[in-house]
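Take a look at the structure set out below.
Every number here is computed from the coordinates shown, using simple stated rules; none is lab data. All values reported here derive from a predicted model rather than from experimental measurement. With ideal geometry, Cβ positions are generated from the backbone for all residues, glycine too; neighbour counts draw on all protein chains shown.
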Amino acid sequence: MSGFPLLIAVALVNCPLKVAGHTVEDRSWLSSAVVGSVMEHKRGVQSEPVLGYQNGQPMPLLVVEMPTQQPTKVRAEVHTALAYLRMQQAATRFGLTLQLNSGFRTNEQQQEVFGLYRRGKGPLAARPGFSNHQSGYALDIDTKLPRVRSWLSRHAYRYGFQRTVPSESWHWEFRGDLRKLLDRQDPLLPNNS
């Protein structure tokens, strides 16, 4: 074993099975591996281990590449990705197309975004190591169309997503319980209570 897989293995030695401070949902490495395996089996997407950050502390994550029309690839943590894909499917039934502009960011990518913010050339950005884009929770969804903003405002919570930055209509974070979301029928299908 060498290179990046070795780095992840070393990080896992000291990693708790359940990430501290997350009482709503189990985002343990084991849970991530299971979700990543399901996504590979059912959706044909390959998960990739990466080093993420939460509250300045490194943590291992599994991410997948998301379908998007962006010239650069957009990746998302596997729990967040699966919830987003379910929400995207529901929006399609309403005649809407949800598109991602940004998802998981490496430390280098967050440094670049933070640098743009500090120079007044980019939107609000957290310091590297402290962004929820690095912890796997945050996605930036294209909300240029009023219908998309309205639909997300009315329905995103049903899929575990919340707007956490009031000044950014595009910034959504998955804070739901993926198990509960997957255990029940789609909340927007007819005949659901």
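At-a-glance table
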read-out: Neighbour-count order for SER135, SER153, fewest beta carbons within 10 angstrom listed first; value: SER153, SER135
read-out: Gain in span if fully extended, VAL165 to LYS144, counting 0.36 nm per residue against the direct Cα distance; value: 5.9 nm
read-out: Exposure proxy order (Cβ contacts within 10 Å, fewest to most) of PHE161, PHE104; value: PHE161, PHE104
read-out: Inter-label distance, nm, simple model (7 Å from Cα along the C-beta direction), GLU48/GLN109; value: 0.9 nm
read-out: Gain on full stretching of the segment that runs from HIS41 to SER153 - 0.36 nm per residue minus C-alpha separation; value: 37.2 nm
read-out: Length-normalised contact order for segment 64-157 - Cα pairs under 8 Å, 6+ apart - percent; value: 28 percent
read-out: Reach of LYS180 by Cα under 14 Å, taken over aspartates and glutamates that are not fewer than 8 positions away in the same chain; value: GLU25, ASP26
read-out: Fewest-first ranking of HIS155, HIS171, HIS133, using other Cβ atoms within 10 Å as the exposure measure; value: HIS155, HIS171, HIS133
read-out: Cα centroid of segment 81-133 to Cα centroid of segment 43-62, whole Å; value: 15 Å
read-out: Among 62-73, 83-94, the order from most to least packed when residues are scored by Cβ within 10 Å on average; value: 83-94, 62-73
read-out: Where labels lie 7 Å past Cα in the beta-carbon direction, separation of GLN89 and GLU65 in nm; value: 2.2 nm
